Amino acid sequence: MIRVENLHKSFGKLKVLNGISCRVAPREVVVVIGPSGSGKSTFLRCINLLEQPTSGQIYIDGVSLLDPKTDINAIRAEVGMVFQRFNLFPHKTALENISLAPMKVRNLPRQEAEAVAYDLLKKVGLSDKANVYPDQLSGGQQQRVAIARALAMRPKVMLFDEPTSALDPEMVGEVLAVMKDLAREGMTMAVVTHEMGFAREVGDRVIFMDEGLMVEEGTPEEIFLEPKNSRLKAFLSKIL
Amino acid sequence: MEVVRQSFHILLAGAAATLEITVISVALGCILGLIVGLSRLSGIRLLRLAATAYVDFFRGTPLLVQIFIVYFGLPQLLRDGQAYLMANYNMPQILTQYALPVFLAAVIACSLNSAAYIAEIFRAGVQSIERGQMEAARSLGMTASQAMRYVILPQAVKRVIPPLGNEFIAMLKDTSLLSVIGFEELTRKGQLVVGQTYVAFPVWLTVAFLYLIMTFCFSRLVDYAERRLKTGD
């Protein structure tokens with residue numbers, strides 16, 4: 001589904017990614033962990049070209065993202081993204097946030113787009129918030145709307161960039177619950193997170209990144225119970 | 001006071017002309033300013049440079065000089081340009097008269113000037129919208145222009161209303177410069193009344209007062225809009 005080959009990214013002189021290669025299979029949930037500044041978010045943002053890689057290759061469903069002939073908007077429509085800071089559109093209601101892109105990008109008629117949006121709001125448990133503006137929603141509710149907004153495009157892959165890091169602790173659970181449901185339904189997901197419980201429980205595979213490299217990868221059991229790399233051990237001892 | 005009473009309707013007509021030219025110029029300035037402002041943010045270098053040059057020129061030179069260029073300079077340019085084309089490229093004569101009507105010259109000069117300031121207002125407004133908004137829109141597959149139209153601009157417009165109101169007030173006062181090319185707005189009407197009656201102080205005070213009424217009303221309107229928009233932000 002996603003194939004990344006020797007991905008490099010520098011911001012000026014700062015090298016953030018130093019050669020990342022990995023694959024995400026269909027229906028797989030890959031969780032990326034690592035200390036802050038290790039390049040996790042940058043890696044994820046490269047996958048839908050919110051950051052332009054310095055070199056390397058990225059394929060989604062066999063289509064090269066860095067081929068100038070590729071229609072990047074069409075690819076992005078297939079790749080859902082959930083941000084740390086939600087980034088809901090503040091001038092639109094929850095329903096409009098969700099129905100906007102299907103109407104404008106997929107040219108769905110309003111009625112159909114709104115029907116999809118209602119279904120998704122129900123799915124994330126916010127049926128009663130359809131006509132509410134983002135500033136009247138709690139952080140957890142905003143993030144659930146943001147997930148519904150990404151799902152409305154019927155993406156093949158969902159990318160989550162620290163989706164619970166900006167939330168108050170009591171709201172983390174409701175967002176993780178929605179993500180677990182998605183994983184159970186077979187959505188292909190790449191998740192950058194500090195929620196080790198989620199990584200253990202939901203992840204098919206865990207990748208540990210440090211200093212722009214994938215230092216270790218394996219099943220949750222391998223990563224959390226039998227870590228081999230010393231930096232991973234040091235990281236785990238700090239957070240667990 | 002008798003003079004003021006008798007000539008008040010003349011001054012009032014001038015005030016109406018002032019208001020009219022300001023509304024037209026700022027409205028046209030908004031359209032052109034939006035184009036120039038977005039060009040300043042464009043990924044196309046040439047467009048960005050042209051827009052920057054435009055803003056630099058119209059903000060960096062006096063409006064009075066711009067009015068002279070349009071009213072006195074443009075007709076000569078048209079005449080000489082046509083003569084050159086006719087002589088060298090056998091172009092048939094299209095224009096027989098070159099002088100611009102004073103109203104048209106006034107609209108052109110004030111709109112072009114206003115557009116430069118409004119371009120900067122729009123640019124700042126768009127840049128004040130946090131980056132995450134553009135990223136969210138693009139991540140959903142919207143093109144840059146769709147994101148601008150449906151996500152960024154609706155939010156930016158709310159933020160630019162107060163500075164646009166200030167630009168309107170500034171332009172309202174600056175249209176007094178149009179008196180020098182004989183456009184009969186409020187200041188020119190004042191000159192005419194004083195010229196006929198030799199009564200200066202009360203007439204000019206009345207002129208000032210009429211400007212004040214217009215700017216005062218409008219700045220209260222801007223304050224009100226600002227408060228309304230803040231609650232909705």
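The values are calculated or read from the model by the stated rules, or taken from the named source; none is laboratory data. Owing to the predicted nature of the structure, the values given are computational and were not obtained by experimental measurement. Cβ: placed from backbone, ideal geometry, glycine included. Neighbour counts: every protein chain shown. Note: areas computed on protein heavy atoms with side chains; ligands, DNA, RNA excluded. Shrake-Rupley method; radii C 1.70, N 1.55, O 1.52, S 1.80 Å.
When the range B:9-43 is examined, which residues are found to be open to solvent by 70 Å² or more (accessible area, probe 1.4 Å) and within 18 Å of B:ASP56 (Cβ to Cβ)?
Keep residues of the range B:9-43 that are open to solvent by 70 Å² or more (accessible area, probe 1.4 Å), which gives B:9, B:12, B:19-20, B:23, B:28, B:31, B:35, B:43.
Matches in the range B:9-43: B:ILE35 only.
Given the criteria touching a strand residue (DSSP E or B) at 6+ places or on another chain (Cβ under 8 Å), farther than 18 Å from B:LEU28 by Cβ, within 14 Å of chain A (Cβ to nearest Cβ) and touching a residue at least 12 places away in the same chain (Cβ under 8 Å), does B:ALA156 qualify? Even if it seems obvious, please write down each step before you answer.
Values: touching a strand residue (DSSP E or B) at 6+ places or on another chain (Cβ under 8 Å): no; farther than 18 Å from B:LEU28 by Cβ: yes; within 14 Å of chain A (Cβ to nearest Cβ): yes; touching a residue at least 12 places away in the same chain (Cβ under 8 Å): yes.
Taking the combined requirement at face value, the residue does not satisfy it.
Return only the number of the condition from (1) part of a loop (DSSP other than H, G, I, E, B); (2) open to solvent by 20 Å² or more (accessible area, probe 1.4 Å) that A:PRO155 does not satisfy.
Unmet condition: (2).
Cβ-Cβ under 9 Å, sequence separation 6+ or interchain: first residue in the range B:199-216 and in contact (Cβ under 8 Å) with a residue 12 or more places away in the chain, partner among the small types (Gly, Ala, Ser) and open to solvent by 40 Å² or more (accessible area, probe 1.4 Å). Which pairs?
Hits for this filter: zero, empty list.
Considering the range A:111-143 alone, what residues qualify as being open to solvent by 10 Å² or more (accessible area, probe 1.4 Å) and touching an Asp or Glu at 6+ places or on another chain (Cβ under 7 Å)?
Hit for the range A:111-143 is A:GLY139, nothing else.
Please indicate, with yes or no, whether at least one residue in the range A:42-49 is within 14 Å of chain B (Cβ to nearest Cβ) and over 25 Å from A:GLY186 (Cβ atoms).
Yes, because at least one residue in the range A:42-49 is within 14 Å of chain B (Cβ to nearest Cβ) and over 25 Å from A:GLY186 (Cβ atoms).
Name the residue, out of A:ARG45, A:ARG27, A:ARG3, A:ARG23, that is of a type in the set (Lys, Arg) and in a loop (DSSP other than H, G, I, E, B).
Answer to the selection: A:ARG27.
Any residue that is at negative phi, more than 14 Å from chain B (Cβ to nearest Cβ) and either aliphatic (A, V, I, L, M) or out of contact with any His (no Cβ under 8 Å at 6 or more places or on another chain) (or both) - is there at least one of those in the range A:146-162?
No - not one qualifying residue is present in the range A:146-162.
Okay, residues lined up against (1) farther than 23 Å from A:VAL172 by Cα; (2) modelled with pLDDT of 95 or more; (3) part of a loop (DSSP other than H, G, I, E, B); (4) of a type in the set (Gly, Ala, Ser):
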| position | (1), (2), (3), (4) |
| --- | --- |
| A:MET189 | no, yes, no, no |
| A:HIS194 | no, no, yes, no |
| A:GLY197 | no, no, no, yes |
| A:GLU201 | no, no, no, no |
| A:VAL206 | no, yes, no, no |
| A:LYS228 | yes, no, yes, no |
| A:PHE235 | no, no, no, no |
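Where in the range B:1-90 are there helices (runs of 4 or more DSSP H), lying fully within it, with 2 or more residues that are at pLDDT below 95?
Once the helices (runs of 4 or more DSSP H) in the range B:1-90 are filtered for at least 2 residues that are at pLDDT below 95, what remains is B:2-40, B:74-89.
I'd like the residue in the range B:114-171 that is touching a Gly at 6+ places or on another chain (Cβ under 9 Å) and among the acidic types (Asp, Glu) and, out of all such residues, is nearest to B:LEU34 (Cα to Cα).
B:GLU120
So which residues in the range B:129-142 are small (Gly, Ala, Ser), buried (at least 19 other Cβ atoms within 10 Å of the Cβ) and at the interface with chain A (Cβ under 7 Å from one of its Cβ atoms), if there are any at all?
Passing the criteria: B:ALA136, B:SER139, B:GLY141.
Could you please find all residues in the range A:57-94 being outside any loop (DSSP other than H, G, I, E, B), more than 15 Å from the chain's Cα centre (by Cα), at the interface with another protein chain (Cβ under 8 Å from one of its Cβ atoms) and under 23 Å from A:VAL175 (Cβ atoms)?
Scanning the range A:57-94 gives no hits.
Do you know which of the residues in the range B:143-185 that are touching a helix residue (DSSP H, G or I) at 6+ places or on another chain (Cβ under 6 Å) and closer than 21 Å to A:ILE47 by Cα is least open to solvent (accessible area, probe 1.4 Å)?
Once the filter is applied, the top-ranked residue is B:ALA147.
For the range A:51-66: of the residues being open to solvent by 30 Å² or more (accessible area, probe 1.4 Å) and in contact with a strand residue (DSSP E or B) (Cβ under 9 Å, 6 or more places away or on another chain), which is nearest to A:LYS9 (Cα to Cα)?
A:THR54
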